[in-house]
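Peer 1: My structure is below; once you've seen it, I'll send some questions.
None of the figures in this text is laboratory data; all of them are computed from the coordinates on show. From a predicted model like this one, the values you see are computed outputs, not experimental measurements. We place every Cβ from the backbone using ideal geometry, glycine too, and count neighbours over all the protein chains shown.
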Amino acid sequence: MVRISISYFSEQQVTALIEGRILNDCIEQLKDTCEELLADRRRLRLDLSGVSFISQKAARALRHFSEREVALINCSAFVAEQLKVKKGEKQA
């Protein structure tokens, strides 16, 4: 289960706090939230300080948003390692 809440909001930027485990069944919720926030043309930051685990599919989704200039901030060492591109893994 994942919880997404807005922790900071301004005219230029929004930060969404992500908490819990990002598993495959949570990816659509995360994608929908990110797309909605990006539609406002603000810089988006995802604060991953409350994330304890991410699935491989979720890592690919987060890397996709990172490529779209979404900042992934406050990752634990464990989550940061999971976000690295795995050798032989296709990018989303």
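Peer 1: Quick check on the chain: helices-only [θ] at 222 nm, where DSSP H runs of length 4 and up contribute -39,500 (n - 2.57) each and the sum goes over total residues. Nearest 500, please.
Peer 2: -10000 deg cm²/dmol
Peer 1: By the scheme Lys and Arg +1, Asp and Glu -1, what is the net charge of all other residues having a beta-carbon under 11 Å from that of Ser52?
Peer 2: Combined, the nearby Lys, Arg, Asp and Glu give 0.
Peer 1: Pick the calculated Cα extents along the principal axes in Å for this structure from (1) 35, 32, 18; (2) 37, 33, 25; (3) 39, 23, 23?
Peer 2: (3)
Peer 1: Sticking with this structure for a sec: Place +1 on the Cβ of every Lys and Arg and -1 on the Cβ of every Asp and Glu in the stretch 2-83, take the dipole about the Cα centre, and give the residue among Phe9, Thr33, Asn74 whose Cα lies farthest towards its positive end.
Peer 2: The residue sitting most towards the positive pole is Asn74.
Peer 1: Counting only the backbone N, which residues of the stretch 32-63 are under 14 Å from the spot 7 Å out from the Cα of Ser7 toward its beta-carbon?
Peer 2: 45-52
Peer 1: Calculate how steeply helix 27-38 sits against the longest principal axis of the alpha-carbon atoms of the chain, using the helix alpha-carbon long axis, and give the answer as 0 to 90 degrees to the nearest 10.
Peer 2: The two axes meet at around 30 degrees.
Peer 1: Tell me the net charge near Glu11. Cut-off is 14 Å between Cβ atoms, Glu11 excluded, with +1 for each Lys or Arg and -1 for each Asp or Glu.
Peer 2: Cβ neighbours under 14 Å give a net charge of +2.
Peer 1: Restricting to Cα pairs below 8 Å that are 6+ residues apart, what does the relative contact order work out to for the chain? Please round to a whole percent.
Peer 2: 27 percent
Peer 1: Where in the chain lies the longest segment free of GluC sites (Glu not before Pro) that are both loop residues by DSSP (not H, G, I, E, B) and have at most 12 other Cβ atoms within 10 Å?
Peer 2: Here the longest segment lacking exposed loop sites spans 12-68.
Peer 1: Mind checking the dipole of the chain: about its Cα centre, +1 per Lys or Arg Cβ, -1 per Asp or Glu Cβ, Debye to the nearest 20?
Peer 2: In total the dipole reaches around 400 debye.
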